[in-house]
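Worksheet: one structure, shown below.
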Amino acid sequence: MGTNHHTAWASGTTSFTAASMNPALASLDRAITYHKGALVGCDGMLSWAAGTLTWSGALHVYFTSAAGNAVHNSVAAGSIALADSEFAYVTLSETNNAVITFSKAAIGAGSASGFMAYNILVLGYRNAVDDNFYPEELAGVFAQMIAGSAFVEKAAFNAHTILYAISDNTPAALTVDEQRIIGRKTGGNIAALTGADVLGITQALDGRQQAIICADNVTVDWSAGGTQYMTFDRDAVTMSFSNPTAGGVYRLLLQQSSGGSDLVTWSTTIKWRGGSAPALTAAGNAVDILTFTYINSAWYGDIALNFA
């Protein structure tokens, strides 16, 4: 060790000086510690489809530098396509807050992949057999968000969305339009319900009114409103009903034209009070209100005449 233990020994062709030993020891240290412990996170959602890995928000990598400092690198939102047996990786930068990029290489022997392992963080690879993406053990965020499929990115939500599950139980964001009710139909999934759906659930407790356009043949769609009205513009109209709800009570206001004596031919399935269809008030501009109840697939009708 020379004259004291602080001085590396040197003699002839054999050298143990610090200048000659440090590079070798540093290389050995890198070889031992090349597989850096790293934390990986994502601001968005990760997905794997058709051989392409996509991350909708920035990826963040946190690791310890060679100098022992905590360092942050980031990867901008993007995607990378992988062929069979290719793996995705990033080359870490010792510069804090450096923006780095994804790369890919084929799985091979020795140096066939074209890089040394130091400062390389592998995120996963595409399996040639099933074409799935398999996350590397350090990339826990990939394992959770891709393999588990249990997360929905925050950016998909706002004040007009709710969390629900699609047919394969994958969580997703459902946008709710204005004036819509969310519910579940018989045998169906959670969805934004139509007017007819709501009528079915509420058993036709419907206070909406709807204008009917007069025509030779009129079909009154009760899903459009439980109270409907029509003014005659011709002498005779044939009228039928559609989309009732069992147990529903409906109202129909009919106003005569200025000439009066306008007539309606009703469906023969309606059962009327007294056994026959009533005669409308014949006077010009006269108003009659008819009430219909739909019970056990049958219509029951009544009329209140001549509102002044």
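The values are calculated or read from the model by the stated rules, or taken from the named source; none is laboratory data. Not measured: the values here are computed from a predicted model. Note that we place each Cβ from the backbone using ideal geometry, even for glycine, and neighbour counts take in every protein chain shown.
Does residue 40 satisfy the condition of being part of a strand (DSSP E or B), crowded, with 16+ Cβ neighbours inside 10 Å and at pLDDT below 90? In short, yes.
Go through 88, 67, 83 for me and flag whichever is under 18 Å from residue 106 (Cα atoms), in contact (Cβ under 8 Å) with a residue 24 or more places away in the chain and surrounded by fewer than 13 Cβ atoms within 10 Å (Cβ to Cβ). Break it down into steps so the answer makes sense when it comes.
Numbers: 88 fails: surrounded by fewer than 13 Cβ atoms within 10 Å (Cβ to Cβ); 67 fails: under 18 Å from residue 106 (Cα atoms).
The unique qualifying residue is 83.
Could you look through segment 158-209, keep only residues that are exposed (fewer than 12 other Cβ atoms within 10 Å of the Cβ) and hydroxyl-bearing (Ser, Thr, Tyr), and pick out the one that is modelled with the highest pLDDT? The selected residue is 186.
Residue-wise test of (1) over 52 Å from the mean Cα position of the chain (by Cα); (2) modelled with pLDDT under 95; (3) under 20 Å from residue 218 (Cα atoms).
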site: 263; (1), (2), (3): yes, no, yes
site: 266; (1), (2), (3): no, no, yes
site: 269; (1), (2), (3): no, yes, yes
site: 281; (1), (2), (3): yes, no, yes
site: 296; (1), (2), (3): no, yes, no
site: 303; (1), (2), (3): no, no, yes
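From the list 183, 259, the one residue that fits, being within 30 Å of residue 170 (Cα to Cα) and either touching a residue at least 24 places away in the same chain (Cβ under 8 Å) or part of a strand (DSSP E or B) (or both), is 183. Residue count for segment 262-276 under the criterion of being part of a loop (DSSP other than H, G, I, E, B) and either surrounded by 15 or more Cβ atoms within 10 Å (Cβ to Cβ) or charged (D, E, K, R) (or both): the result is 2.
Candidates are the residues of segment 98-119 that are polar (S, T, N, Q) and modelled with pLDDT of 75 or more; the one that is surrounded by the fewest Cβ atoms within 10 Å (Cβ to Cβ) is 101.
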